[in-house]
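Student: Handing you a structure now.
The values are calculated or read from the model by the stated rules, or taken from the named source; none is laboratory data. In this text the structure is predicted, and so the values were computed from the model without any measurement. Cβ coordinates were reconstructed from backbone atoms using ideal geometry, including for glycine residues, and neighbour counts include every protein chain displayed.
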Amino acid sequence: MECTLPSHSNRKDFSLKSLELFQICAEKGSLQATADEAGLSISTVSHHLRVLEESLGVDLFNHARRPLVLTPKGRVFLRNIDSALHSIRKAKAEASAGNIAEASYLRIGTIEDFDSDIIPDLAVFLSSRMPKCDFTYITDTSQNIIELLRDRQIDLGVTSSPPERLRDLHDRPLLHDPFVAVLPRTSEEKTDDILNGNSSIPFLRFSSNLMIARQIEGQLRRVGISAQNRFECSSNQTLMAMVAAGAGWTITTPLLFSRAKRFQSQLSMQPFPAKEFGRTLAIATTPDCSRSVLDIFDDKMRSLVAGQIINPLCAQAPWLASRFRLLQ
């Protein structure tokens, strides 16, 4: 009698891509959303997941449910591969960037505050230090940059730190940017009178959906100030133009004020008269971003911000020196 042992040779080995797609699908709960994020077809994603399940010999998802839900074994598997995938991504990033000149790609997101002055010089510097690297630069709001980092669509970003901790990301404080009052240069109004309601000059606000607007409004509420509202806008440049034209006053920051060079001769920047408050700008990264790339990016950002923005502005307004500063 001939005895044949069961053969597992027909099982296909799963790939790193299968693990990554499984991780995404577990988070998204949808083949379509997974395909969109990975840039693949639904059939390709489905094939990778099917090969993974066949290779393991278990169902990782309850395929009868929509959205897709992990089975108990799927939850255990996800818990075990999360740290492994993080280690693999970090190893790949460090291997690529251990020699910076050999780095192959870098995806950067920044808020528009640095778009005109800093990012062009930063891009030239990085391209010279990393000649084999493919770069992607994205300008967006702080909220969207944080989401892009969480979705692994960018590697690092410069953003305004939100009130809550970035538990799933790493961040390195960059700049303390205090809030200041900006009035028309021709105005004889005093900021104390304006904030106390003893003036008819209207308050020009940032759009309420922006993080900076929520920071300003929160502080105004805390100090019991209710400013008369006339105009709301998402563009700092437009607010500066309106103030320069005498249409009202606003609260902004020195960094944003520095971008309004066209209007500065018609503007008066003054300390916020109530309790001082400000925002923190930080460099946020995915947990697996290369440390060597981050250090080079950080060093150059600090040099550019100090030389092009902080030092010239503090020379014009010495009262800013202790407030508008780089953070260690």
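Student: Quick test for you: out of Ala101, Ala84, Ala64, Ala95, pick the one residue that is at pLDDT below 90, assigned to a loop (DSSP other than H, G, I, E, B) and hydrophobic (A, V, I, L, M, F, W, C).
Tutor: Ala64 is the lone residue from the list that is at pLDDT below 90, assigned to a loop (DSSP other than H, G, I, E, B) and hydrophobic (A, V, I, L, M, F, W, C).
Student: Here is a follow-up. If Lys132 satisfies all but one of (1) farther than 24 Å from Leu255 by Cα; (2) outside any loop (DSSP other than H, G, I, E, B), what's the number of the condition it fails?
Tutor: (2)
Student: If you don't mind, there's one more thing I want to ask. Answer with yes or no whether Ser258 is part of a helix (DSSP H, G or I), touching a residue at least 60 places away in the same chain (Cβ under 8 Å), among the hydroxyl-bearing types (Ser, Thr, Tyr) and surrounded by fewer than 20 Cβ atoms within 10 Å (Cβ to Cβ).
Tutor: Considered against the rule, which asks whether it is part of a helix (DSSP H, G or I), touching a residue at least 60 places away in the same chain (Cβ under 8 Å), among the hydroxyl-bearing types (Ser, Thr, Tyr) and surrounded by fewer than 20 Cβ atoms within 10 Å (Cβ to Cβ), Ser258 comes out as no.
Student: Mind checking which residues of region 261-290 are of a type outside the set (Asp, Glu), under 30 Å from Leu149 (Cβ atoms) and surrounded by fewer than 21 Cβ atoms within 10 Å (Cβ to Cβ)?
Tutor: Passing the criteria: Phe277, Gly278, Arg279, Thr280, Pro287.
Student: Identify, please: which residue in region 17-49 is more than 20 Å from Arg150 (Cα to Cα) and hydrophobic (A, V, I, L, M, F, W, C) and is, among those, surrounded by the most Cβ atoms within 10 Å (Cβ to Cβ)?
Tutor: Val45
Student: Among the residues of region 266-300, what is the count of those that are polar (S, T, N, Q), touching a helix residue (DSSP H, G or I) at 6+ places or on another chain (Cβ under 7 Å) and assigned to a strand (DSSP E or B)?
Tutor: Qualifying residue count for the region: 2.
Student: Would you point out the residue of region 301-328, among those that are part of a helix (DSSP H, G or I) and among the polar types (S, T, N, Q), that is farthest from the chain's Cα centre (by Cα)?
Tutor: This residue is Gln316.
Student: Give me the residue from region 143-159 that is modelled with pLDDT of 90 or more and of a type in the set (S, T, N, Q) and, out of that set, surrounded by the fewest Cβ atoms within 10 Å (Cβ to Cβ).
Tutor: So the residue we want is Asn144.
Student: Which one of Thr186, Thr191 is surrounded by 14 or more Cβ atoms within 10 Å (Cβ to Cβ), over 30 Å from Ile145 (Cβ atoms) and either in the same structural domain as Glu112 (by TED's automatic domain parsing) or more than 21 Å from the chain's Cα centre (by Cα) (or both)?
Tutor: Just a single option satisfies the conditions, and that option is Thr191.
Student: If you don't mind, there's one more thing I want to ask. Looking at the structure I just gave you, is Arg129 out of contact with any Pro (no Cβ under 6 Å at 6 or more places or on another chain) and under 24 Å from Glu27 (Cα atoms)?
Tutor: no
Student: Within region 178-236, which strands (runs of 3 or more DSSP E) (wholly inside it) include 3 or more residues that are in contact (Cβ under 8 Å) with a residue 40 or more places away in the chain?
Tutor: Fully inside region 178-236 and qualifying: 180-184, 203-206.
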